[in-house]
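Below is one structure, written out as structure tokens; comments come after it.
The values are calculated or read from the model by the stated rules, or taken from the named source; none is laboratory data. Predicted, not measured: the structure shown is a model, and the values here were computed from it. With ideal geometry, Cβ positions are generated from the backbone for all residues, glycine too; neighbour counts draw on all protein chains shown.
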Amino acid sequence: MFEFPEGATPLVRTWFGDHAAWQAVLAEVVTRAQERDEFAYVETVDDPTLATLSLAELAALHPSPTGLSLVIVADQHAMTESGLPLLLLRADGTVPPEQMRVEAEHVAIVEINVAQLANLDWEDFAGRVDPDGVFRGFR
């Protein structure tokens, strides 16, 4: 059975229709975040066999009884919409998993605060999504 790397938040590619879009996601979540001194601890997972899994199955691959684990999903919607709104799953064993979309430029701040430092809760971010369901930062 497939397992995500321990300790890191998996950034899972589930859509393989545009390699350049995947590179844009990586550039924003990893490279540009570091340039802003935001260091999300993510591990990229680029495995086509995961593309057919449900969101619940993806979250179950990275469970956390404390609710501090996340799975970041780069799906077709995320890689074809403006702002690259990635899908974040709360991997706490709840089925279906809680989810919200987060623009790629804000993924690091959510991941750091929810999955690493635990100084903010999932609800602190989920309660701030725009009417279209996307978190675009604290404004």
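Just to be sure before I move on: is Gly83 at pLDDT below 85 and over 15 Å from Trp15 (Cα atoms) in the structure I sent? Answer is no for this residue.
Can you name the residue in segment 114-139 that is free of Cβ contacts under 8 Å to residues at least 40 places away in the same chain and touching a Phe, Trp or Tyr at 6+ places or on another chain (Cβ under 8 Å) and is also surrounded by the most Cβ atoms within 10 Å (Cβ to Cβ) among such residues? The residue in question is Phe135. Of Ala20, Ala56, all but one fail to be within 26 Å of Asp124 (Cα to Cα) and of a type in the set (Gly, Ala, Ser); the exception is Ala56.
Would you check which residues across segment 1-55 are β-branched (Val, Ile, Thr) and assigned to a helix (DSSP H, G or I) and list them? Across segment 1-55, the qualifying residues are Val25, Val29, Val30, Thr31, Thr49, Thr52.
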